[in-house]
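Chemist: Supplied in structure tokens, the structure appears directly below.
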Amino acid sequence: MLVVEELDGINLRGLAGSLGMILSSASRLCDRLVAAGMIERFPGRTDRREIALHLTKVGHRLLEELRAERRRRLSEALAQMSPAARQALLRGLSEFSDAMAKPASESLTA
């Protein structure tokens, strides 16, 4: 659902590629999400043979609820940490972010 949200109108082949799935598995996943009312399928704008995937209002609402719950739980966890521990976490996450931003070959030589 996150991929469909980010890439609204993605086709089934694109979704399968984004998730590293085979096409038939992505199709079955979409069948279940359509049945649950989370996504909709529409003919593509440029090629009517392709199917474009879009989140429904229910799908958007579910993702927002999940994000709100995640923010709440993170806030609770951070509130239980000491200021020193929060600072250490921030330093560690900053270094992690910097390392992720480097090309893989540069990270291996460091």
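Chemist: Kindly indicate which of 62, 53, 33 is closer than 22 Å to residue 6 by Cβ, touching a residue at least 24 places away in the same chain (Cβ under 8 Å), surrounded by 10 or more Cβ atoms within 10 Å (Cβ to Cβ) and touching a Cys at 6+ places or on another chain (Cβ under 7 Å).
Modeler: 53
Chemist: Continuing with the same structure: Looking only at residues that are small (Gly, Ala, Ser) and closer than 30 Å to residue 29 by Cα in the stretch 55-105, which one is nearest to the chain's Cα centre (by Cα)?
Modeler: 59
Quick note: the coordinates plus some simple rules give every number you see, no bench work behind them. Everything numeric here is computed off the predicted structure, so don't read it as measured data. Positions of Cβ are generated from backbone atoms using ideal geometry, with glycine treated the same way; all protein chains shown enter the neighbour counts.
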